[in-house]
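Worksheet: the structure to be examined is printed underneath.
The values are calculated or read from the model by the stated rules, or taken from the named source; none is laboratory data. Keep in mind the model is a prediction, meaning the values are calculated, not measured. Counting neighbours? That spans all protein chains shown, and the Cβs are built from the backbone with ideal geometry, glycine included.
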Amino acid sequence: MTCLSCKSGEMTESTTTYTVTLKNCILIIKNVPCVKCTQCGDELFNTDILEKIDDIILMAEKMASEISIIDYTKVA
């Protein structure tokens, strides 16, 4: 698949680190599956992954300190 952003790179299976700022902390989720552009680095997530990220965010909001780092492969 060709990248939708740069129109020249190829999208390949990869993993990434997903970071989100919540009202009470910064959450870092490591090893999140994605497809990533070999040219510009743009990342896309499928619906199942996005739903799991939402679940992780809800869980982290309940127990989080100022910074939380979660490994996706250990909670997915």
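A few remarks follow.
- Among the residues of segment 39-48, just one is part of a loop (DSSP other than H, G, I, E, B), surrounded by 14 or more Cβ atoms within 10 Å (Cβ to Cβ) and under 11 Å from the mean Cα position of the chain (by Cα), namely 45.
- Pairs where the first residue, in segment 24-43, is over 28 Å from residue 2 (Cβ atoms) and the second is among the aromatic types (Phe, Trp, Tyr) and at pLDDT 95 or above, C-beta under 9 Å, 6+ apart: 27/18; 28/18
- Residue pairs meeting the criteria (Cβ under 8 Å; at least 6 apart or on separate chains; first loosely packed, with under 14 Cβ neighbours inside 10 Å, in segment 49-76; second modelled with pLDDT under 90 and outside any loop (DSSP other than H, G, I, E, B)): 66/26; 67/26; 75/59
- Members of segment 18-38 found to be exposed (fewer than 15 other Cβ atoms within 10 Å of the Cβ) and in a loop (DSSP other than H, G, I, E, B), listed by number: 22, 23, 24, 38
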